[in-house]
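Have a look at the structure below, then the notes.
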Amino acid sequence: MFKKSIVLTLTAVFLVGNVFAQDFIQVKGSDTLINLVQRLAEVYMEYHPNTAIAVTGGGSGVGIASLIANRVQIADASRPMKAKEKTAAKENGVVPYEIVVGIDGISVIVNGDLAVNDLTVEEIGQIFRGNVTNWKEVGGPDLMISLYGRQANSGTYVFFQEHVLAKKDYSQRMKRMNGNAQIVEGIIADKSGIGYVGVGYVYDDKGNVRDGLKVLNVAPDANSEPVTPLVAENVKSGKYPISRALFQYINGMPKGAVKDFITFELGPEGQKIVEEMSFYPVAGEYSENNKKAGF
Amino acid sequence: MAKPDSITISIRKQAWLQLKEKLIEQFFFVHGLLAVIVLIGIFSLLFIEGFPALREIGLKEFFLSKHWDPTSFERESYGLLSMLVSTLMVTLGAMLIAVPVGIGTAAYIAEVANPKVREVVKPVIEILAGIPSVVVGFLGIIVMGPLLAKLFGTSNGLNAVNGSILLAVMSLPTIVSISEDAIISVPQDFKNASLALGATRWQTLIHVTLPAAMSGVVASVMLGMGRAIGETMTVLMATGNAPAIPGSFLDSIRTMTATIAIELGETVQGSIHYRSLFVIAFVLFIMTFLVNLVSDLVLEKYQKVNR
């Protein structure tokens, strides 16, 4: 009886929710963002039962293409829109407005026993391109480097390739691992390994960096100070060089339910969820950027 | 007047029976045909989907280029060579381990072990076949990988040896089970004749029993090999997936199956990248087809000899 009433209530809520939902927002795009935006949408819908939000993935490119075709209200992207895409949007009469919902730092990790602490972006690029193959070339021990990266379907793979490898090819010897967690396991077991993962993946359940793992300090160039991504301030301020903004694109100045949802995302509760999902909240120049779209 | 009536009834009954017989025959014919239709369907699907890529990129690039990097910013490349080598290598490695161990185990169970041991060992080996490949792959990462790294003094154990060992374990049940059936069905007379001529049990096993059971043994090896070539999840997890052409068994490899599994999800339907994955699948299909064909030919030859 009790169970039955729960089912009935749920059905009723579902039906009512659907019948009275006046606003329907479709969000599509980046797989890096999908879990975050889904969580944001769930919490938002608890407060606003009249709004239904559907979040789907497919990749940044797919999301942006859908926005250009005017099939979705919001496109998620873990990279900025390309010039080509902006032209296509213009031709279609779509005016994309850009919002940054959070910041993601990509940490470069090595085995805890490796006597290397700092690298420049250039050095990391050379290592992953396969031009530097021994740790001694970058001030480490005489040990062949073994590379761990993601597979081509990962946005992180593409971002890292664009910003650290300067769009050059990855070394053919790089092991293409299934996910962030596998890279971490691989590095912990491999004394000469180097890999890249989202900052959230380097911690154990107590919030400390995992045993046997070392997060490198990265310098933008040879003349700058190496900085660690483990201090939130470094990533937020853009001092840590391998960080990226997580974007959402909207057609035209946001208004109505879409505006309301984005206001929630950028508000204190939304940004708390951003942090819970191991990303960093929006700050500095990115906040300025959001003001242009009316936030 | 009752007589003709009963005759017509029996004639009708007979006609009905004949019809029923025909229908049942047709029923089974359709079922037999179904497998053929499905096979031809898959073959043509792979070909139709892959052909545009073959035409655009060219056979030369597919089979001679060493690089596979369809998402490159510099130059998109579509070389199958490296994954072809990887697949062949890991399969060969698996067979080098699984064939001697498998046939040895089968001979032991069939000829040496006492019935009580046999009753326990055979089902246990067959249970091995039921372990999900993702679980085997997982063991490859956390158990076999570190073990191999220590053993060979390499920095990590995500390589062709790891994949070979795991695939050997996965194809063992097939090889042991079918070989054992073949060995046990060799007539006792053969063995008795050999023993009566003064041959030892070992000589009998090697020179009489195993040759007599050869067709079944070869079939089991071929089936095991088919399993190894087509296995995806295990190799995807345990071999590191580096696309470089492997120089040795201690290098990381990326098989054809792993490449398809990794990349199919991200490609745009109908793009050249998408179609080139169908080309890989097509080549893989041809390879397993050849393995089966060879095993069929071998089987037929041995069956003739035995008769």
Notebook entry, point to check: Counting pairs of alpha carbon atoms under 8 Å apart in space and at least six apart in sequence, what relative contact order in percent does chain A give?
Noted result: 25 percent
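Which whole-number percent of Cα pairs in chain A have a distance greater than 35 Å?
27 percent
Near B:Glu180, within a Cβ-to-Cβ distance under 12 Å, what is the net charge of the other residues, with Lys and Arg +1 and Asp and Glu -1?
That sum, taken over residues with Cβ under 12 Å, equals -1.
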Item checked: Difference of contour (0.36 nm per residue) and Cα-Cα distance, A:Leu230 to A:Asn134 -> 31.9 nm
Note to self: Could you give me D for the stretch B:6-57, from Stokes-Einstein at 4 °C and 1.567 mPa s, where the hydrodynamic radius is the Kirkwood radius over C-alpha pairs? Units µm² s⁻¹, please.
What the structure shows: 89 µm²/s
Item checked: Cα-based equivalent ellipsoid of the stretch B:62-165: semi-axis lengths in Å, sorted from largest, via gyration tensor -> 37, 17, 13
Check: How big is the shadow of the Cα convex hull of chain B, averaged over all directions, in nm²?
Finding: 26.5 nm²
Note to self: Tell me whether the stretch B:1-94 comes out rounded, prolate or oblate; compute the Cα gyration tensor, take square roots of the eigenvalues as a ≥ b ≥ c, and use a/c under 1.5 as the rounded threshold.
What the structure shows: prolate
Next item on the list: Specify, per residue and in Å³, the volume enclosed by the convex hull of the alpha carbon atoms belonging to the protein assembly as shown.
Entry: 306 Å³
Margin query: If each DSSP helix of 4+ residues adds -39,500 (n - 2.57) and the sum is divided by the residues in the protein assembly as shown, what number results at 222 nm, nearest 500 deg cm²/dmol?
Written below: -18000 deg cm²/dmol
Checklist line | P(r), alpha carbons of the stretch B:64-115 - 10 Å bins starting at zero, rounded % | finding: 22, 24, 19, 15, 12, 6, 1
Item checked: Alpha-carbon gyration tensor eigenvalues x 5, square-rooted, for the stretch A:95-200, Å -> 25, 15, 13
Note to self: Roughly how far apart, in whole Å, are the Cα centres of the stretch B:30-103 and the stretch A:221-260?
What the structure shows: 42 Å
Check: Counting DSSP beta bridges with both partners in the stretch A:107-236, what percentage is antiparallel, nearest 5?
Finding: 55 percent
Note to self: How compact is the stretch A:152-250 by the rule of thumb for globular proteins, expressed as Cα Rg over 2.2 N^0.38 Å?
What the structure shows: 1.14
Next item on the list: Find which of B:Ser177, B:Ala98, B:Phe27 sits farthest along the positive direction of the dipole of chain B, computed with +1 on the beta-carbon of Lys and Arg, -1 on that of Asp and Glu, about the Cα centre.
Entry: B:Phe27
Notebook entry, point to check: Going down the list A:Lys90/A:Lys291; A:Lys214/A:Lys292; A:Lys82/A:Lys206; A:Lys84/A:Lys272; A:Lys136/A:Lys167; A:Lys90/B:Lys60, which pairs span over 32 Å between their C-alpha atoms?
Noted result: A:Lys214/A:Lys292; A:Lys82/A:Lys206; A:Lys84/A:Lys272; A:Lys90/B:Lys60
Notebook entry, point to check: How well do other chains shield peptide A:53-61, expressed as the mean number of their Cβ atoms within 10 Å of each residue Cβ?
Noted result: 1
Next item on the list: Sort out for me the Cα centre separation of the stretch B:216-279 from the stretch A:188-216, rounded to whole Å.
Entry: 29 Å
Margin query: With 10 angstrom as the radius, rank B:Val135, B:Val221 by how many other C-beta atoms surround their C-beta, starting from the fewest.
Written below: B:Val135, B:Val221
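Since every read-out is calculated from the coordinates, none of them should be taken as a lab result. Every value quoted in this text rests on a predicted model; they were computed, and no experiment measured them. Cβ atoms come from the backbone with ideal geometry, glycine included; neighbour counts cover every protein chain shown.
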